[in-house]
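The values are calculated or read from the model by the stated rules, or taken from the named source; none is laboratory data. Values in this document were obtained by computation on a predicted structure and should not be read as measured data. Here Cβ is always computed from backbone atoms with ideal geometry, including for glycine, and neighbour counts include all displayed protein chains. Side chains are part of the model used for accessible areas, which takes the heavy atoms of the whole protein and leaves out ligands, DNA and RNA. Shrake-Rupley method; radii C 1.70, N 1.55, O 1.52, S 1.80 Å.
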Amino acid sequence: MVVNMNKKHVSRKLKSAWRKHIDISDVDQFLEEQRQDERIGGRIADKPDRELFSEEKRPAKVKATLRELRRNKFGELPRSLLPLVNTSNVSDPVVKRNVKKSRVTLAPVAPVASVRFRKRGRPSGIAKPAQEDLWAKETPVPGELQNEWIAKELVHHTLAHTGKPLVTNLPARMDPEQRRVPLRKRLPAEGLSYNPAIDDYLELKDKLVKEEKKIIRHEEHLDRVLTSKLGKMTPEERYRTAISEMSEGLLKPDKKNEPEEEEDEKKKDEEEEEKPVVVAKAKKRISKAKKRARMLQHKEEKLLEQELHKLVEIDRVEEIAAEVEQEVQQTQRKAEYRVRKRKAMRTKLDLPIDFVEPEKLSGSLRTIEPLNNLLATGLPKVRKVSILKRTRAEVERKMRRIPTKRYTRSSHKEPMLPPTKPAKRAK
């Protein structure tokens, strides 16, 4: 504690004066040192040597041998691959990167004993004979499709949908018309039979099942929320309630029920009498002058608050203008988005899935029953009269035609006749 030593004679009449004018800094310092020693676990000078020092008879880490160092080097990254390690402090811009991990879980394999491999001798330079016949012509096309009457496009289409596609992505092996068309835009020629793969059929079936389940779930939800919540009445009950409501006041009431009603009224009156009466406290009267003064004070406070609010708003003029401009832009963007959405909804056409059950797939295509939906059956006719947009396949087939220029041989050219001069008129 700091003591004011300017005054020589100070009063020490009370206990507070004694506390004020006595120097106890040495006691505070002693107590602070004692607290610090307790924090670190006592004074170091008082501790024995056994607690402060320990004798190490054997080193904690055994020095690795040369063989162990060489063996450990196999687990480390080679020096040739060190430049490929990413040492940049810049984080990856893609936060959720799809890292492909093998889902095949390998069973734990027991450690195999080390096997010594013999050194291979020098190569003799003589190539071993091939076991396969290099001159034999083997094609993945089955014998049924190896026919001059079957077109190449039909062969490719059939093999692609039977699980053995004949890959001909090289432009040299393609038809001239197909070389310039991108792979994703290649469509089967018109008139080819469509024999889809089983995976496509199962995918379509799963999609249809999901839609049906969604409809069933929605119906169950409506039954649970609406139908089950409403009370159900039989026709007899409905008739009985209607009769009782229509004959209200016409029929005389039963005399048997009158005493019961009187007893109920008596009970209610007794309960009301038993309730304790609460007397409201008398309000303290306020004079008219005080009321008027309070009203004037309230009005002045309100006016002052309005003036302060105006001053604050004047300071925020630029911010308010920016907020108004931002709201105007936001409303414009919302209006444009609504217009685009409305146009998209007009052009959108949700067609039902054209799915044929497996039982009906066998047999002739003529026996398959068409969809009894006007939207699905009348769509091709509507597209022909260009009321609706065409499909992507139709557009691609139209755009796919490569423009060609016809040339005629010089031997087949017709000779150009000289222009005829107009005949002179007789004067």
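Is it the case, given these coordinates, that L204 is surrounded by 10 or more Cβ atoms within 10 Å (Cβ to Cβ) and at pLDDT 80 or above? Can you show your working first?
Values: surrounded by 10 or more Cβ atoms within 10 Å (Cβ to Cβ): yes; at pLDDT 80 or above: yes.
For L204, the condition - surrounded by 10 or more Cβ atoms within 10 Å (Cβ to Cβ) and at pLDDT 80 or above - is met.
With the condition kept exactly as written, say whether any residue in region 317-340 is among the basic types (K, R) and not in a helix (DSSP H, G or I). No, region 317-340 has no match at all. Under the condition of being in a helix (DSSP H, G or I), loosely packed, with under 10 Cβ neighbours inside 10 Å and among the β-branched types (V, I, T), the residues counted in region 217-242 number 1. Assess whether V90 counts as being exposed (fewer than 10 other Cβ atoms within 10 Å of the Cβ) and at pLDDT below 85. So V90 fits the description; yes.
Could you please let me know if E318 is modelled with pLDDT of 75 or more and open to solvent by 80 Å² or more (accessible area, probe 1.4 Å)? Yes.
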